[in-house]
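Every number here is computed from the coordinates shown, using simple stated rules; none is lab data. Since we're looking at a predicted model, the values are computed, not measured. Because the Cβ atoms are built from the backbone with ideal geometry, glycine has one as well, and the counts that use them run over all protein chains shown.
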């Protein structure tokens, strides 16, 4: 799993430090408007794919180059249309992806730096431009295809074009509702956290201690603690309201008072400001949840379950009244969204193990007993789930699988639209490809300026 994630990171950023160690005699192999494609970029992507696949098709380099040309055309058009990606957006993405890898490395920074042969700051600097271009390409692509939709008649026509012997087979799927409840922290533990943070603030303000060094020692936000609490450049809307209000009211170098948020208690320092974006660091102290707090939360969840079993309250109402609004399902009446598909249907393999084993023997409409789970931040919550539907394995049909067929129809329409868009833009854009790739059939649409070798 770790290798797969690391390789995904490398492919996403185009230039993997792991593969960059292989020397390639570099040259420009394509021009698209004001953008260029380097041989090293293509070979790095090919090497990354080779690590994951023992045998690659002979035309793999042609396919990679086609994708790269599309991305460069989108980037070139984005620049012409004055579409931009901010430094804060790039920083957010860099931090999120590095944090994801560190999570699978058990937070071991040394392992990360050994793998890439650079410090985290150096890795971020190496990938920054490539990631900025990737985000710009994605933004342009989204704009090109944002208004594409399909009518019911188009969905029906799409389905009818699928040969009967090619209709997809769908495994059993379920829809699951969840009510997530956060244990309430008692006043004594809240005060302990406040006292601890007041002492830390005093060390900084009165004792001249370094904020970043104390963040490394005391902060419960382990992802930022390793870099002195630095949260990078961010724009409005990135942080929870309580944190954001305090951060934006600070002067450069100023340290806030104690700020309470859903995550705990913070000290915030404003490092720098650029217009509406800020660079901050913080120290987070989380109050401890005691066994007594957990017992009270369990009793609360048991009482909610009794209300549901007696039909005194609908599941959707219970979610709105008692559920945690930080989870995605809260705004969907408790119905969970499959992150792989974007819809509400899960195959068994897509479910978290705890949920799978909980619903395995449940009847549709039934409610589980409350159980605990821990999120990526290490916080513990209670969850109660409802099995809302279960389908049997079956061959696709419009009646049972309309939403999936609709999604496939939209994707086909988007692909066709993008192909036509590329054709139009190529006619108005300078495109030149190295003669070495002139015989790639998939590149025919680009090859108005290719000289045969």
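Things to note:
- Over the chain, relative contact order from alpha-carbon pairs under 8 Å, at least 6 apart, %: 19 percent
- Peptides 219-232, 44-57 ranked from most to least packed, by the mean per-residue count of other Cβ atoms within 10 Å: 219-232, 44-57.
- Modelled FRET efficiency - R0 25 Å, residue 276 with residue 242, Cβ distances, 0.05 increments: 0.85
- The average projected area of the range 295-438, computed from the convex hull of its Cα atoms over all directions, is 15.1 nm².
- Per-residue ellipticity at 222 nm from helix content only, as computed over the chain with -39500 (n - 2.57) for each DSSP H run of at least four residues, stands at -15000 deg cm²/dmol.
- Distance between the range 394-453 and the range 165-194 - C-alpha centres, whole angstrom: 39 Å
- Among [x] 41; [y] 25; [z] 30, the entry that matches percent of Cα pairs over 38 Å apart as calculated here: [x]
- Relative intensity, log₁₀ I(q)/I(0), of the range 187-285 from a Debye sum that treats every alpha carbon as a point, q = 0.10 Å⁻¹: -0.23
- Rounded FRET efficiency, nearest 0.05, which uses the C-beta distance separating residue 147 from residue 216 and R0 of 35 Å: 0.15
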